[in-house]
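Data first, discussion second: the structure below is written as structure tokens.
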There are 2 protein chains.
Amino acid sequence: MINHHRSVKVLRRGDLAKLTGCNLETIRYYENIGVMPEPPRSSKNYRVYDDRHVARLRFIMRARELGFTLDEVRDLLALVDGGAQTCGEVQGLANAHLASVRAKIADLKRIEHVLSSTVAQCSGDDVPECPVIDALREEA
Amino acid sequence: MINHHRSVKVLRRGDLAKLTGCNLETIRYYENIGVMPEPPRSSKNYRVYDDRHVARLRFIMRARELGFTLDEVRDLLALVDGGAQTCGEVQGLANAHLASVRAKIADLKRIEHVLSSTVAQCSGDDVPECPVIDALREEA
DNA sequence: TCTAGGGTCTGTAGCTGGTACAGGCTCAAG
DNA sequence: CTTGAGCCTGTACCAGCTACAGACCCTAGA
């Protein structure tokens, strides 16, 4: 299947989705909220992507995998796009995010501790008395 | 300020919010989604609560603090309301939740590890080269 | 040549767990 | 009699997507 008009294979939205593993609709969403740029359109109004779009989307996805919010991703991209970003600036954003990740871990560990020690008291029997329910009912 | 019609103090939505620390609007939300029961209404259509509503809302809030989803809360409440709940059933729900808490902790720890080891390579200087950006750009 | 199936386009609704606000009513104090 | 507080309702908004309807467009096979 040869494209008669261009020697370079044109990427459409579905191609970008497959190349990156990103959901098709999410690509449009990222464009709407301004983290992906508006790509040029074909004569039939189809979005036309190239390698730089692939790279950008992968960047976004990696940042999301590391738990950066889309707002934080926007900040990272602004630094990168600005061209004059410094290691210090990026480090600042990453450290702020790292702090929030650590806070979430601490929260979950506290929860894990309460839950596991409560569940450990369960008989697991067919009896109505249950330490978990008691803990939830407990007067503060 | 004495209530001339009843000897027992009637709780309204604002009172329930204050007693439990729950947001005023959240109480209505919980009623809409069916985790709080529809309370009786006064002649002027005001919701009228009593001690059992206070207890139930506290139960819900404790379960939420432990990270149970509202769906899980509904399940717990159904068991409790059924009257015939057994320790084994409750333990099952709690263990399922515990597993998802542990999975989240594992995810976040992985993220924490990647982030912290990457940030550790930063010079923090006014230079454009940054290991964090490199990691995000990295070809998989 | 016709047709069936895929892709793409747009706007919009849905999800979770709330939060908030507008516009209207009621009630008590000053 | 007015003012403020509380309550009522429905609805919109947040993140971060995901999905669907209804309209195009295009290609391959019969």
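The values are calculated or read from the model by the stated rules, or taken from the named source; none is laboratory data. Fair warning: this is a prediction, and the values are worked out from it, not measured in the lab. Here the Cβ positions follow ideal geometry from the backbone for every residue, glycine too, while neighbour counts run over all protein chains shown. Calculation scope for accessible area: heavy atoms of the full protein, side chains included, ligands and nucleic acids excluded. Shrake-Rupley method; radii C 1.70, N 1.55, O 1.52, S 1.80 Å.
Does A:Glu72 qualify as being charged (D, E, K, R) and touching a helix residue (DSSP H, G or I) at 6+ places or on another chain (Cβ under 7 Å)? Spelling it out, A:Glu72 is indeed charged (D, E, K, R) and touching a helix residue (DSSP H, G or I) at 6+ places or on another chain (Cβ under 7 Å). Reported count of residues in region A:94-137, each being open to solvent by less than 50 Å² (accessible area, probe 1.4 Å) and closer than 22 Å to A:Arg64 by Cα, is 7. Of the residues making up region A:28-43, those that are away from DNA strand D (no atom under 12 Å from the Cβ) and either in contact (Cβ under 8 Å) with a residue 12 or more places away in the chain or outside the structural domain of A:Arg64 (by TED's automatic domain parsing) (or both) are A:Pro37, A:Pro39. The set of residues in region B:44-86 that are touching a Lys or Arg at 6+ places or on another chain (Cβ under 8 Å), open to solvent by less than 20 Å² (accessible area, probe 1.4 Å) and aliphatic (A, V, I, L, M) comprises B:Val73, B:Leu77.
Selection within region A:13-27: residues that are near DNA strand D (Cβ under 7 Å from one of its atoms) and outside any loop (DSSP other than H, G, I, E, B). The member of this set that is farthest from A:Arg74 (Cα to Cα) is A:Glu25. If the condition is being open to solvent by 90 Å² or more (accessible area, probe 1.4 Å) and more than 9 Å from DNA strand C (Cβ to nearest atom), then region B:24-38 contributes only B:Glu38.
A search for C-beta distances below 7 Å between a residue of region A:46-60 that is over 10 Å from A:Leu11 (Cα atoms) and any residue that is of a type in the set (D, E, K, R) and away from DNA strand D (no atom under 16 Å from the Cβ), counting only pairs 6+ apart in sequence or on different chains, returns A:Phe59/B:Arg137. Could you say whether any residue in region B:80-98 is closer than 22 Å to A:Val101 by Cβ and touching a helix residue (DSSP H, G or I) at 6+ places or on another chain (Cβ under 8 Å)? Yes, some residue in region B:80-98 is closer than 22 Å to A:Val101 by Cβ and touching a helix residue (DSSP H, G or I) at 6+ places or on another chain (Cβ under 8 Å). Could you tell me whether region B:30-48 includes any residue that is touching a Pro at 6+ places or on another chain (Cβ under 8 Å), closer than 22 Å to A:Val73 by Cβ and assigned to a loop (DSSP other than H, G, I, E, B)? No, region B:30-48 has no match at all. Evaluation of A:Pro128 against the conditions (1) under 30 Å from B:Asp125 (Cβ atoms); (2) at the interface with chain B (Cβ under 7 Å from one of its Cβ atoms) shows that the sole unmet condition is (1). Residues in region B:72-99 that are among the acidic types (Asp, Glu) and modelled with pLDDT of 95 or more: B:Glu72 only.
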